[in-house]
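Inspection log for the structure reproduced underneath, given as structure tokens.
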Amino acid sequence: MDKFSHLDPQQYHVMRERGTEAPFTGKYIDEHSKGMYKCAACGAELFSSDAKFDSGTGWPSFTGPANLEHVELRQDSSHDMNRTEVVCKRCGSHLGHVFEDGPTQKGGKRFCINSCSLNLEKK
């Protein structure tokens, strides 16, 4: 059995085939509970709810990961764009992208992450 066989079709498309979910459709867009967002594939701790903010972009947005050692940033030139991809360092799953248009008082980063690539462990 493949270690990603527990992923549903949308999760597999996003996390293994580097897809994206449609904006404003993810389960964590309007989520305001406290807790830790973990990788849906391997369970690695990725983002704290304390770093989550409403960017108005249609995807959950964070000012930064809970631990930089748990994510990898990769250059992504797909779709004729130059972006920085965010990947789970433990299992290599695609999570989303990081942009330089986040809150300036918190470092200016916007980690734009697909809801389906996350599981929230509520406090």
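Selection of the stretch 74-123 for residues being touching a strand residue (DSSP E or B) at 6+ places or on another chain (Cβ under 7 Å) and either on the phi > 0 side of the Ramachandran plot or acidic (Asp, Glu) (or both) yields ASP76, GLU85, GLY96, ASP101, GLU121.
The condition of being farther than 20 Å from ARG110 by Cβ and free of Cβ contacts under 8 Å to residues at least 12 places away in the same chain holds for only one of HIS13, HIS79, that being HIS13. Search the stretch 66-99 for residues being among the small types (Gly, Ala, Ser) and surrounded by 20 or more Cβ atoms within 10 Å (Cβ to Cβ), and hand back the single one that is farthest from LYS52 (Cα to Cα). Per the stated criteria, the residue is SER93. Note on the stretch 11-50: residues that are closer than 10 Å to SER117 by Cα and in a strand (DSSP E or B) total 3.
Read the figures in this text as sums done on the coordinates, not as results from a lab. Just so we're clear, the structure is a prediction, and the values are computed from it rather than from any experiment. So basically every Cβ, Gly included, is an ideal-geometry build from the backbone, and we count neighbours across all protein chains shown.
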